[in-house]
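Okay, so here's the structure we're looking at.
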Amino acid sequence: MRKTIAFVFAALFMFSQAAWARTIVIAQDATWPPMEFVSENKEIIGFSTDFMKAAAKEGGFQAEFKNVAWDGIFAGLDAGKYDAVCSSVTITDERKATMDFSTPYFKVRQALVVPKDSPATRIEDLKGKTAGGQIGTTGYFAIKKVDGVNSKSYDEIGLAMEDLFNGRIDGVVCDDPVAAQYALQKPEYAAKLKIAAVLDTGDEYYGVAVKKGNKEVLDLINKGIEGVITKGLDKELRKKWMGQ
């Protein structure tokens with residue numbers, strides 16, 4: 001009887017812990033495969049999504065995901081429409097001035113994607129031509145820094161890749177996991193596109209953004225990230241989503 005009572009109390013305790021766990025609403029622009037994108041079943045999936053689900057378990061909170069367009073995603077965070085942004089956000093000094101960031105959870109570089117018959121081996125080889133990138137991303141900013149290369153912004157990286165595939169632009173700059181997804185793994189694109197170069201812009205690191213001063217949410221997320229990395233769960237997710 002005592003064992004039964006103890007089991008019941010333990011079960012009730014675990015249930016109450018789950019029931020009272022803090023729910024953190026996380027915004028993602030689900031147009032950035034394999035990091036975050038929408039499945040055929042209209043669900044947000046990807047490396048970042050799975051990473052935050054694992055972080056929620058490790059950090060003792062519940063994660064709720066919301067699909068938000070990139071061009072308004074940080075304004076929504078500042079307005080309190082959600083608690084965090086986990087959408088392949090590179091940590092930069094400019095962004096840190098207006099929002100707080102978690103510890104880094106993923107290292108990334110910028111890659112140049114071009115048609116397979118293009119002689120370009122660096123972004124400078126596209127002088128007099130047009131390169132596209134998603135507006136407000138570090139890839140797009142990298143294009144803007146190169147004199148003589150015309151930049152074209154897109155609301156979604158998939159639209160830039162579509163224009164490149166159809167010959168309407170000459171290159172696309174984006175994060176290397178996304179470049180690999182389109183140029184190496186999507187059969188219809190891989191037949192015509194290639195990764196020409198990794199840009200010399202230095203390593204970048206993704207972090208989860210929260211509203212400036214929101215220490216409660218930031219501490220929970222950091223606890224979760226630490227648990228995921230310590231247990232090597234991030235490596236399992238990399239293998240699942242990127243095959244590495």
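Only the coordinates and a few stated rules stand behind these numbers; no lab work does. In this text, all values refer to a predicted model and were calculated from it rather than measured experimentally. Note that each Cβ is placed from the backbone with ideal geometry, even for glycine, and that neighbours are counted across all protein chains shown.
The table below gives the values:
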| quantity | calculated |
| --- | --- |
| Length-normalised contact order of the chain in % [C-alpha pairs under 8 Å, at least 6 apart] | 27 percent |
| Rounded FRET efficiency, nearest 0.05, which uses the C-beta distance separating Glu124 from Ser39 and R0 of 30 Å | 0.20 |
| Cα-based Lys proximity count in region 110-198, under 26 Å, for pairs eight or more positions apart or on separate chains | 27 |
| Relative packing of 145-156, 65-76, which averages over residues the other C-beta atoms within 10 Å, highest first | 65-76, 145-156 |
| Peptides ranked, highest mean first, by Cβ atoms within 10 Å: ranges 182-189, 169-176, 224-231 | 169-176, 224-231, 182-189 |
| GNM flexibility winner over the chain from Met99, Met161, Met52 (Cα, springs under 10 Å) | Met99 |
| Region 110-198: equivalent-ellipsoid semi-axes (sqrt of 5 x gyration tensor eigenvalues, Cα, Å) | 17, 14, 11 |
| Pairwise label distance in nanometres, Ala190 with Gln244, each label 7 Å out on the Cα-Cβ vector | 1.5 nm |
| Unit charges on C-beta of K, R, D, E only; dipole of region 169-244, Debye | 320 debye |
| Within region 110-198: Cβ-based charge dipole about Cα centre, in debye rounded to nearest 20 (Lys, Arg +1; Asp, Glu -1) | 200 debye |
| Highest-fluctuation residue, Ser87, Ser39, Ser102 considered, GNM on the chain with Cα pairs under 10 Å | Ser39 |
| Least to most buried among Asp219, Asp50, Asp117 (fewest other Cβ within 10 Å first) | Asp117, Asp219, Asp50 |
| Which of Thr137, Thr31, Thr121 has the fewest Cβ neighbours within 10 Å, and the rest in rising order | Thr121, Thr31, Thr137 |
| Net lengthening on full extension, Lys235/Lys144 (0.36 nm per residue, minus Cα-Cα) | 29.4 nm |
| Helical segments meeting 18 Å axial Cα length and Kyte-Doolittle 0.0 threshold in the chain (DSSP H) | 2-19, 215-230 |
| Rounded Å value of the spacing that divides the Cα centres of region 166-228 and region 120-159 | 15 Å |
| Positive-end residue, the chain charge dipole about Cα centroid, Cβ charges, pick of Phe37, Ile73, Ala63 | Ala63 |
| Calculated Rg and Dmax of the chain using C-alpha coordinates, Å | 20.3, 82 |
